[in-house]
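Trainee: This is the structure, below, for whatever I ask next.
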Amino acid sequence: MRKDAPTTAFLLWQDPYFEEADGHYVAYVPGVGAFESSCNANGCPHIDLSELTASLATTPTLTAAQWLAGPGETVLGTRVREAIGAYQQATVAA
């Protein structure tokens, strides 16, 4: 979709196939970036605890704000998810 419609923001998720399995979450906002993760059936991304812990452990001198703006962005996808949220709110308000 990014290739065929590069100026389109989107949020997609695939529901888990089995109750114990994870779904797949993909969000993209032009100029902001993309974020992919596993997710639940409601499209809520899962955050990998081991990835989160490893990222925090390798950057002990950063403040929370610095971590969220740098390494934390990769783990949590905050910029992309916030931008998607803004699109969703604008759509609902319109």
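The values are calculated or read from the model by the stated rules, or taken from the named source; none is laboratory data. Every value quoted in this text rests on a predicted model; they were computed, and no experiment measured them. When we count neighbours, we look across all protein chains shown, and the Cβ atoms used for this are built from the backbone with ideal geometry, even at glycine. Ligands, DNA and RNA are excluded from the accessible area calculation, which covers all protein heavy atoms including side chains. Shrake-Rupley method; radii C 1.70, N 1.55, O 1.52, S 1.80 Å.
Trainee: As an exercise, use a Förster radius of 22 Å and the Cβ-Cβ distance of Lys3 and Thr78 to find the FRET efficiency, rounded to the nearest 0.05. Can you show the working numbers first?
Mentor: Details: r = 25 Å, r/R0 = 1.13.
According to the calculation, E is roughly 0.30.
Trainee: 222 nm [θ] for the chain, helices only, -39500 (n - 2.57) per DSSP H run of 4+, per residue, to 500?
Mentor: Working: 4 runs with 37 residues, N = 94.
The per-residue figure over the chain is -11000 deg cm²/dmol.
Trainee: Looking only at Cα atoms, what is the convex hull volume of the chain per residue, in Å³? Could the numbers behind the result be given before it?
Mentor: Working: hull volume 11.1 nm³, N = 94.
Enclosed volume per residue, from the Cα hull, is 118 Å³.
Trainee: How high is the relative contact order of the chain, in percent, counting Cα pairs under 8 Å that sit 6 or more residues apart? Let's see the in-between values first.
Mentor: Numbers: 122 pairs, mean separation 21.9, N = 94.
Relative CO of the chain lands at 23 percent.
Trainee: Express the relative contact order of the range 32-87 as a whole percentage, based on alpha carbon pairs under 8 Å and six or more residues apart in sequence.
Mentor: On the way: 33 pairs, mean separation 23.3, N = 56.
Value for the range 32-87: 42 percent.
Trainee: Could you tell me the accessible area of Val32 in Å² (1.4 Å probe, neighbours in place), rounded to the nearest ten?
Mentor: 60
Trainee: On to the next question. Just flag the GluC sites (Glu not before Pro) in the chain sitting in loop per DSSP whose Cβ has no more than 16 other Cβ atoms within 10 Å. Mind showing how you got there, number by number?
Mentor: Working: sites: Glu19, Glu20, Glu36, Glu51, Glu73, Glu82; in loops: Glu19, Glu20.
Sites meeting the loop and neighbour criteria: Glu19, Glu20.
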